[in-house]
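The values are calculated or read from the model by the stated rules, or taken from the named source; none is laboratory data. None of the values given here were measured: they were computed from a predicted structure. With ideal geometry, Cβ positions are generated from the backbone for all residues, glycine too; neighbour counts draw on all protein chains shown.
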Amino acid sequence: MPELLRDPVERALASAVAALSLSRGMFFAVSALYFTRGVGLSAATVGIGLTAAGAVGVLASYVGGRLSDRYGADRLQQWTLAANGAALLAYALAGNVISFIVIAACVSGTRGLQSTAQVTLLARWYVGPERVTVRARLRVVMNVFIGGGSLLAGLALLVDTTAAYRLTVVLVGAVTMLGTVPLIGLRRRVDGLAARMDASSGAAVSVRGRSPLRDRTYVASTILNAILAIQFGLTSVGIPLWVADHTDAPTVVVSALLLVNTVYVALFQVRASRRAQDLRTAGQSVRRAGLFLLAACVLFACAGYVGTATATALLLLAALAASAAETQGEAGGWTMAFDLADPARAGAYQGLSQTGYAVAQMLSPAVVTTSAIDHGTPGWIALGALFAATGAATAVLANQAAARRNHHQAITGMPVG
């Protein structure tokens, strides 16, 4: 398909991702304060409520694949993004525990559906390594705009009133809903998109392909990539707690480490995706990610034993290693999720893959805190060893899958998938 026809799809997706990410950055910065001060909930209640909502998101990520196959990933993306914005707006009306949990479940569920629909759209519309390259570019957009949203939310933090936080939540919902605008009429603007989505959906309904749950290779790949995705708990929970409570580095270093991650991903995510173009190179990329994470965990642990200046330097090195792991691991994981999937059931397969990420997102704070934060150096070493072993196992799985595919092609002369 000509490049000219693909560009409008990527531009529309990039615009939607920019709006969604800007709103997420704003929400991340003020949500905890809004829930505790504005809604009047305890920190424990917020944590339990968000965990329960995360379980809804896990289920929605899987169901989203089935719905994408049946109704079209492009339609589902537009509908669920609008619903996610409406759910976020509803946070401004939350007044008690019940309403908070119901709204949080709606936010998490619509986000899970939207995320799976977006990845399925990439799987349907693009082919080969281009799927990973486009996803990498979207990841850069996401990181940049999350950072921008966090900066904008700083105005509300400066004012530090319940009204300012509630207004920010309203803006979060409105900006998210604006993300649907570039998706409206996309089928009419892009020749061939409707045919590709509808033909693929029809094939998925009429042809009984293998369920992804019966595909042992894909299930194993999903589990391994979910374990590696626990690394995101380091950024959201592990690093702030470790720096503040277990090192002599100033707390402001946390912001610097997050900035390092944002800039590194923006600069190197696309480059990393170009080094993971097939199953073998994807496995190698994930293996490197595991080793980088092991190095990062060792450096984080060492930062707890030295003075301020040395601790700061070690933390910066650890952040660089963790950022390199993120770009390498994501690129390899995306390639495997696309290449190992049955093209006839792209939605179902991508739904399973996104479910793995959703489970990791839900469990990663608990895993990181109960290992590294609660047990210090032994916990960091155990966590790093888990990441390294997972990367190595993923490389073995990828090599075996590539060998089977090459053997099949040699015998039949036909490509797999």
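A few notes on this one:
- Close pairs (8 angstrom Cβ cut-off, 6 or more residues apart or separate chains): at positive phi in the stretch 216-236, modelled with pLDDT of 95 or more and of a type in the set (D, E, K, R) anywhere: none
- Restricting the stretch 87-145 to residues that are within 15 Å of the chain's Cα centre (by Cα), within 21 Å of V170 (Cβ to Cβ) and not small (G, A, S), the residue that is surrounded by the fewest Cβ atoms within 10 Å (Cβ to Cβ): F145
- Screening V134 against (1) closer than 25 Å to R187 by Cβ; (2) touching a Ser or Thr at 6+ places or on another chain (Cβ under 8 Å) leaves a single unmet condition, (2).
- Check on G376, on the phi > 0 side of the Ramachandran plot, in contact (Cβ under 8 Å) with a residue 24 or more places away in the chain and surrounded by fewer than 17 Cβ atoms within 10 Å (Cβ to Cβ): yes
- Residue count for the stretch 68-77, restricted to those that are part of a helix (DSSP H, G or I) and either touching an Asp or Glu at 6+ places or on another chain (Cβ under 8 Å) or crowded, with 24+ Cβ neighbours inside 10 Å (or both): 6
- Scanning the stretch 208-231 for residues that are modelled with pLDDT under 90, surrounded by fewer than 23 Cβ atoms within 10 Å (Cβ to Cβ) and assigned to a helix (DSSP H, G or I) yields a total of 2.
- Pair list, Cβ < 8 Å and 6+ apart or interchain, from the stretch 243-259 residues that are of a type in the set (V, I, T) to residues that are assigned to a loop (DSSP other than H, G, I, E, B) and surrounded by 13 or more Cβ atoms within 10 Å (Cβ to Cβ): V243/A249
- Residue satisfying condition, being within 21 Å of V119 (Cβ to Cβ), buried (at least 19 other Cβ atoms within 10 Å of the Cβ), modelled with pLDDT of 95 or more and out of contact with any strand residue (DSSP E or B) (no Cβ under 8 Å at 6 or more places or on another chain), within set Q361, Q328, Q350, Q354: Q328
- Total residues in the stretch 168-194, condition buried (at least 16 other Cβ atoms within 10 Å of the Cβ) and modelled with pLDDT of 85 or more: 13
- Only listed residue being more than 18 Å from A136 (Cα to Cα) and within 20 Å of the chain's Cα centre (by Cα), chosen from T262, T247, T222, T251: T222
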